[in-house]
Amino acid sequence: MNMHSGSTSVFTNTRNRNVISSAKNLRARSNQSVYASYTRSAWKDHLNSKFTELLALEPGWDGYQGEKLNLTILDFTLSLLEDLYCDGLSAPSVIPGSDGTIQLEWHQNGYDVEIDVLNPYDISACRKVPGSEDYEDVDVEKDISILLNWMTELKHAEELAHVG
Amino acid sequence: MIDDTSAENEISFSYPPLNEVVLDIQFAQIPGLLSIHANEVWELYKKEYPNIVEQPLLEPAFEKFGAVPQMNAPNFSVARPPVGSRYWFMTTDEKGLLQYQNDRIISNWRKQGDFSGYPRYERISSDFRKNITKFNEYLKQRFQGQFLKINQVEISYHNVIEIDNFREVGEFLNFLDLAHLDAEGVSFNAGEVINDKQGKPIARLSIIVNSLYSNQGKDKAITFTLAYRGKPNSEGIDDAFRFLDDGREKIITKFNGMTTAKAHQLWEKY
């Protein structure tokens, strides 16, 4: 299984008692930082450095009651970004909330998307499409299909901007 | 797999290929709960789990639905200071294992020797629930009323099926026919989204098959793992264990449906 698994993955051969084993679950690091392991991703460098910068925020970072980044929310946001990644779409802006939450923003050719990660599976998102003054608001939990559709539309908006 | 009797399914085997059962609860990190408190956590369980081993941390997992795997998608991880560890608290016979890290507790039953000691799911689940409740009470007392906010639950059954040749895989698993291939190894991975009655996704059932060799390479086997994972209806312990119960039912049904009649006979299904 993958490195999320709690299986110990040690098997005993009942015929001759040899141990058949496979090792998994490595996670050893030396510094607090975010790293992306897939080197060809266009988002990698931008998001690596941005999240590492946000991890270093101390309480009161905003001059008021700003809280440190919530690590559980960060873990979920990173997981979400892996799913939202769209080849050809620029990486989002990442803005910390004063309550430890994380906001992701895209602004492409009049198409705006904001995704607020409030907690794992507690996402508040909105978008504004070109030509409209209205915002569409959605709450997302486990099914992120609508956010994926928005990513595809953002990518098209970005492509149109380059063509224009 | 299973010497597990479900009131609904009535599926049992005398000699199932079950090797490990894992119940896994992930929760939001508790403010103030540091690595140094791991010893206090061990004290909660030391009487039953007197042995301890240190392991690297496990990555968090969040099942989401609607996404299609992207080829160039980045895989992010947060590198934290090297003060965090995962601890294995083990029974003296090493069949029982409780894994602890600051955002996860996992219960493992592992086959050691023959199958006669399998305690059944109900007992494993009941013991795990007691241990989770104990930890929750510890949090409330030690960390000013903090309590578990569970955000992911997983149950998995790991089977090992000994074979002489990988051509035989289809004699046990009815979805893999390798009879016409002199395969040197096997790797299969499939996921199925499980929906509720309203059609909303609630969990992912993963099916994983891999080939296995003894250290000398003489003996062969295949691992057949069924894992059910997702977010329970609420952050509380009751819903977490309802999720585990539902997962176990799904896994038993799927295992029965994906293995052959010949295998059932060999494992003495009754």
Per the filter on segment B:186-214, residues in a loop (DSSP other than H, G, I, E, B), surrounded by 15 or more Cβ atoms within 10 Å (Cβ to Cβ) and either touching a Phe, Trp or Tyr at 6+ places or on another chain (Cβ under 9 Å) or among the charged types (D, E, K, R) (or both) are B:VAL186
Inspect segment A:84-96 for any residue being in contact (Cβ under 8 Å) with a residue 12 or more places away in the chain and touching a His at 6+ places or on another chain (Cβ under 7 Å) and give the result as yes or no.
yes
Boolean, B:PHE175 is touching a Pro at 6+ places or on another chain (Cβ under 8 Å), open to solvent by 10 Å² or more (accessible area, probe 1.4 Å) and touching a residue at least 24 places away in the same chain (Cβ under 8 Å)
no
Matching residues in segment A:65-90 (within 11 Å of A:LEU154 (Cα to Cα) and open to solvent by less than 40 Å² (accessible area, probe 1.4 Å)) number 2
Does B:LEU212 count as under 17 Å from the mean Cα position of the chain (by Cα), under 26 Å from B:ILE106 (Cβ atoms) and of a type outside the set (D, E, K, R)?
no
Mind telling me which of the residues B:ALA227, B:ALA263, B:ALA240 ends up being on the phi < 0 side of the Ramachandran plot, open to solvent by less than 50 Å² (accessible area, probe 1.4 Å) and not in a helix (DSSP H, G or I)?
B:ALA227
Among (1) surrounded by fewer than 21 Cβ atoms within 10 Å (Cβ to Cβ); (2) in a helix (DSSP H, G or I); (3) facing chain B (nearest Cβ under 9 Å), the one test that A:PHE51 misses:
(1)
Given (1) within 11 Å of another protein chain (Cβ to nearest Cβ); (2) out of contact with any helix residue (DSSP H, G or I) (no Cβ under 7 Å at 6 or more places or on another chain), number of the condition B:ILE155 does not satisfy:
(2)
Give the residues of segment A:129-151 that are open to solvent by 40 Å² or more (accessible area, probe 1.4 Å) and away from chain B (no Cβ under 13 Å), sorted by residue number.
A:VAL129, A:PRO130, A:GLY131, A:GLU133, A:ASP134, A:TYR135, A:GLU136, A:ASP137, A:ASP139
B:ARG248, sole failed condition from (1) charged (D, E, K, R); (2) within 14 Å of chain A (Cβ to nearest Cβ); (3) open to solvent by less than 30 Å² (accessible area, probe 1.4 Å)
(2)
Among the residues of segment B:81-88, are any more than 28 Å from A:ASN119 (Cα to Cα), under 22 Å from the mean Cα position of the chain (by Cα), open to solvent by 30 Å² or more (accessible area, probe 1.4 Å) and modelled with pLDDT of 95 or more?
yes
Quick check on my filter: what residues within segment B:112-145 are modelled with pLDDT of 95 or more, assigned to a loop (DSSP other than H, G, I, E, B) and within 14 Å of another protein chain (Cβ to nearest Cβ)?
none
Of the residues that sit in segment A:38-48 and are in contact (Cβ under 8 Å) with a residue 40 or more places away in the chain and part of a loop (DSSP other than H, G, I, E, B), which one is farthest from the other protein chains (Cβ to nearest Cβ)?
A:ALA42
Checked segment B:31-72 for anything part of a loop (DSSP other than H, G, I, E, B), hydrophobic (A, V, I, L, M, F, W, C) and out of contact with any helix residue (DSSP H, G or I) (no Cβ under 6 Å at 6 or more places or on another chain); matches are B:LEU33, B:LEU34, B:LEU57, B:LEU58, B:ALA61, B:VAL68, B:MET71
In segment B:184-214, anything more than 16 Å from B:ILE155 (Cα to Cα), in contact (Cβ under 8 Å) with a residue 24 or more places away in the chain, more than 11 Å from chain A (Cβ to nearest Cβ) and among the hydrophobic types (A, V, I, L, M, F, W, C) is listed as B:VAL186, B:VAL209
Output for segment A:63-78, where each listed residue is under 15 Å from A:LEU118 (Cβ atoms) and not in a loop (DSSP other than H, G, I, E, B)
A:LEU71, A:THR72, A:ILE73, A:LEU74, A:ASP75, A:PHE76, A:THR77
Any residue that is of a type outside the set (S, T, N, Q), in a strand (DSSP E or B), modelled with pLDDT of 90 or more and under 26 Å from A:TRP150 (Cα atoms) - is there at least one of those in segment A:79-94?
yes
Answer yes or no: is there a residue in segment B:238-248 that is in contact with an Asp or Glu (Cβ under 8 Å, 6 or more places away or on another chain) and at pLDDT 95 or above.
yes
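The values are calculated or read from the model by the stated rules, or taken from the named source; none is laboratory data. Remember, predicted model here, so these are calculated numbers, not experimental data. Neighbour counts are summed over all protein chains in view; Cβ atoms, including those assigned to glycine, are modelled from backbone coordinates with ideal geometry. Surface areas here come from the heavy atoms of the whole protein model, side chains and all, with no ligands, DNA or RNA. Shrake-Rupley method; radii C 1.70, N 1.55, O 1.52, S 1.80 Å.
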